[in-house]
Amino acid sequence: MSTLAQADLRIASKRAVYDNNKSYGDSETIVLYIYNAGPTLASAPVVKAGYTFSMDYTAVTTTLRAVEGLITPQLSGIIQGGTLDWKGLPRPPSRYVGWDMVTSLPDIPVGMLMELSLSFPMTREVAYADYTLTASVESKTPDPRKKNNATTYVITPNHHYDGSNYWSTPGDLENLDFVGLTTVEPKFEVDLRVASARVRYNNNLPYGQAETLTFFVFNDGPTTANKPVLTAGYTTSMDYSNITCSLEEAGIPDGTNPSEYLSDTDSPLQWQPLDGMSCHIDDWNVICNLPRIPPTTLYRVKISFPMNTTTTYKDYTATASVSSEVKELDLNNNSTTYVITPNHSNDGDAYWQAKGSIEQLDGPSVPSGNQACSTGWLPQTPIIVTTGRTRMEVPLAQLNALLPEFQVSGYDIETKSVLPKKVAGTETRTSSEAITVTFSTDGKNVLTYTAHPDTLVYLSPFRHRIGQTSDSVNLGYWIPVRMLWVGAAIRGMHSDGRVTPSAYVVNVEPAVGQDFKSIEPEMVSASHSYVVGTLDEGGILTHNPKDGQRCGPANVPAMMAAISRIANNLVTTTTPPPGTATPPRHGYSLRYRGPRDPPPLPRSRGRRILPAGVPSRDANGNWLIYLYEEDTPSAVENARYAVNNGAPAILTYDPNGAPQRRRESTGRFQSQSELLQLTGEERSGRSGTGQLDRDEYPPAVAAEGGARAVVTYIEAGDNRRAGSTMGQQFSDHRRQQPDGHPPLQPGDRFRLAIIHRNLSDVEYLVDHSEFPAETQIERPSETD
């Protein structure tokens, strides 16, 4: 693979038609937009623009201006919106060559949009014919996509009096956009849910005493609910003229169900008072205007009614509902009923404390079936393997026959080098879906592979500017093939391990019409990143994250069941890995559970999600919160990236401030819908680019988080699995510890620890470049 820089230059004409039938001395100005989509600077760009009769090429005036930082898939809409902050640049030199004006531009950084204006005075020549002409751009930097390097426009003398609408017709501005994202409009949708805290409320209380209606409102995303409104019914004997209202909020970890926390008598939720709610009466309803609700945020609304002197005798079934300005994904769970009754005053606390239908706060926003997750490339996909000092390629279908003599060439992200990775075997799966990805590793040649939609590739991280603000966010790390788009830069590399961080996607399309078999290696190493591709042109990094779990929404019990299966197969040991006397880097190793090992201890709630014997705290007393790199590669990689770029590894537990910090971090960035201009079908994960979540490190539960957090768009299931895994551990640690240590409390310190299914030790999130990069599993012997 070539290490040459690449720059995807694009050009478009501001107008579709230009007038060369103006009076002598008047001018017509051809306006061209030039954009560099990256991934590197475009060196010495040159623009050629055609002109025609009656246009004085000897007296052309050029002007140039630019806007920086426009890393966006859809420039055409931004330009037409007219909100760009242009800055003038020095006039570039132009000369005529034949019937082209040739203009030399300054180097164009990634994300810069230039506007070149060529103003031609009219001569005394008369033109009669329309001409369709071309403008083009090229530079010394190789361009992986040539088809948007040219644009056309018409110069005509025949429509001078056709009016401003004719002459202001836009040119082909879509030529500046990523292919496949040019006709999609932004979508904003939410899944708001409401439930009553209790089944029944009492309106047969003494005069002046109050009954409090309590409701939970939850936003399951994917975008923020703007101007939400809660409407709740009441009945006679309740004094609507003297109501009081209050609002609290709590964060629900991504991928978990609110009812799990609301049903638990030892609930870990930290309710925080929230301002910004106002309530008023409309007929027999209370209308509460709530502040905006970010995704995964739970509100608790309390409305207290003093009793008046009116007496009631009948039960009344009332309704509460929630709505917002944003379109609802599912209308089935945004209303709930409860009973207001005067007839059970002596029935005891158990009667009045019965919980409402809080389960309707749960569930996925978009159903997605329960098919098996399919990962891996097709059997004929070449994979780079190593034997001794020799590297060669074999199709994945032949890999099993070559084991154990051959090792897969795997990539270590920390050391940025290729290391031989042991393979336990290969798995073959079948699916009716596959994605064909075409990409260029050298700016000239292209490679085409077909893979299953959930196969992960390493997307080179880049910074995305949010609107016209100074804020920016990461988009990158491990991402499913189905979420790639034309223009994405995926991590590529030479077969000798040198990295080329710009294997540039030039086409993505579904492969349909047959059943596809895939093969994926089962790695036994510190990383499941391995290299596929051809030795001559280079390969790309892929990952095997699924471990046979069932696909579907990220917030279903199957997610925790898959993690539980991993945990049940691993036990903690202090024995050094086989063949070495080196102690485990952090004091603990993991190995597969053997027949003589005791079964996992039962859990008080839910499934066991950690291997038996892993420590709750490190040697310095910091609490350990574990993540599975295999299950959540993107979240782990984002945390590593953040720490390696200055974020703290040791964090302070502060759950009370989590909602506010979540607003300060993920809440200020665009939803994935606006970021990538996705359709509803694409957001559902059934096709196209799937669904992205905003992942943050440090997490919101840490005092070091908030506005200082590194926020990255990663695959939604990855983010929600990480949130669920961490949330359950925080919940467990808040209970009394079996070793007698006090429970986790606000102000305690914690750090992330990384577990890999095939990792021989526990890796703490630190700057661990001093540690050896390669380890292997300690498997149980046959005599265990």
*With the condition kept exactly as written, say whether any residue in the range 80-92 is of a type in the set (Gly, Ala, Ser) and buried (at least 16 other Cβ atoms within 10 Å of the Cβ).*
no
*Within the range 317-347, how many residues turn out to be under 26 Å from the mean Cα position of the chain (by Cα), surrounded by fewer than 12 Cβ atoms within 10 Å (Cβ to Cβ) and touching a residue at least 12 places away in the same chain (Cβ under 8 Å)?*
1
*Tally time: how many residues in the range 614-638 are more than 30 Å from Leu456 (Cβ to Cβ) and at pLDDT below 80?*
0
*Any residue in the range 72-85 that is among the hydrophobic types (A, V, I, L, M, F, W, C), touching a strand residue (DSSP E or B) at 6+ places or on another chain (Cβ under 8 Å) and over 16 Å from Leu173 (Cβ atoms)?*
no
*For Lys87, which of the numbered conditions (1) under 21 Å from Tyr153 (Cβ atoms); (2) free of Cβ contacts under 8 Å to residues at least 24 places away in the same chain; (3) under 35 Å from the mean Cα position of the chain (by Cα) fails to hold?*
(1)
_Please go through the range 55-75 and give me each residue that is modelled with pLDDT of 85 or more and over 17 Å from Pro109 (Cβ atoms), ordered by number._
Met55, Asp56, Tyr57, Thr58, Ala59, Val60, Thr61, Thr62, Thr63
*Take the range 53-71 and flag every residue that is in a loop (DSSP other than H, G, I, E, B), over 21 Å from Arg15 (Cβ atoms) and touching a Phe, Trp or Tyr at 6+ places or on another chain (Cβ under 9 Å).*
Ile71
*strands (runs of 3 or more DSSP E) wholly inside the range 195-257 containing at least 1 residues that are under 36 Å from the mean Cα position of the chain (by Cα)*: 210-222, 229-233, 244-251
*asked:* Would you confirm whether or not the range 319-326 contains a residue that is farther than 30 Å from Gly667 by Cα, assigned by TED's automatic domain parsing to the domain that holds Ala250 and modelled with pLDDT of 85 or more?
replied: yes
*Can we say Pro157 is within 20 Å of Lys14 (Cα to Cα) and at pLDDT below 95?*
yes
*From the residues in the range 396-436 that are of a type in the set (Asp, Glu), over 24 Å from Val508 (Cα atoms) and under 30 Å from the mean Cα position of the chain (by Cα), which one is surrounded by the fewest Cβ atoms within 10 Å (Cβ to Cβ)?*
Glu414
*Given the conditions (1) surrounded by fewer than 16 Cβ atoms within 10 Å (Cβ to Cβ); (2) modelled with pLDDT under 95; (3) over 30 Å from His159 (Cβ atoms); (4) not basic (Lys, Arg), which single one is not true for Gly25?*
(3)
*Taking the residues in the range 349-395 that are surrounded by 16 or more Cβ atoms within 10 Å (Cβ to Cβ) and aromatic (Phe, Trp, Tyr) as candidates, determine which candidate is modelled with the highest pLDDT.*
Trp352
*Tell me, which strands (runs of 3 or more DSSP E) lie completely within the range 688-779 with 2 or more residues that are under 30 Å from Val423 (Cβ atoms) and modelled with pLDDT of 70 or more?*
710-715, 749-755
*Only residues in the range 608-630 that are under 20 Å from Arg720 (Cβ atoms) count as the first member; pair them with residues that are among the aromatic types (Phe, Trp, Tyr) and modelled with pLDDT of 85 or more, Cβ under 9 angstrom, at least 6 apart or cross-chain, and list the lot.*
Ile609/Tyr626; Ile609/Tyr628; Leu610/Tyr626; Ile625/Phe730; Ile625/Phe750
*If you go through the range 155-171 one residue at a time, do you hit one that is under 36 Å from the mean Cα position of the chain (by Cα) and in a loop (DSSP other than H, G, I, E, B)?*
yes
*If you scan the range 101-114, which residues turn out to be closer than 28 Å to Asn21 by Cα and crowded, with 19+ Cβ neighbours inside 10 Å?*
Met101, Thr103, Met114
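The values are calculated or read from the model by the stated rules, or taken from the named source; none is laboratory data. This is a predicted model, so every value here is computed, not measured. FYI the Cβ positions are ideal-geometry reconstructions off the backbone, even for glycines, and counts take in every protein chain you see.
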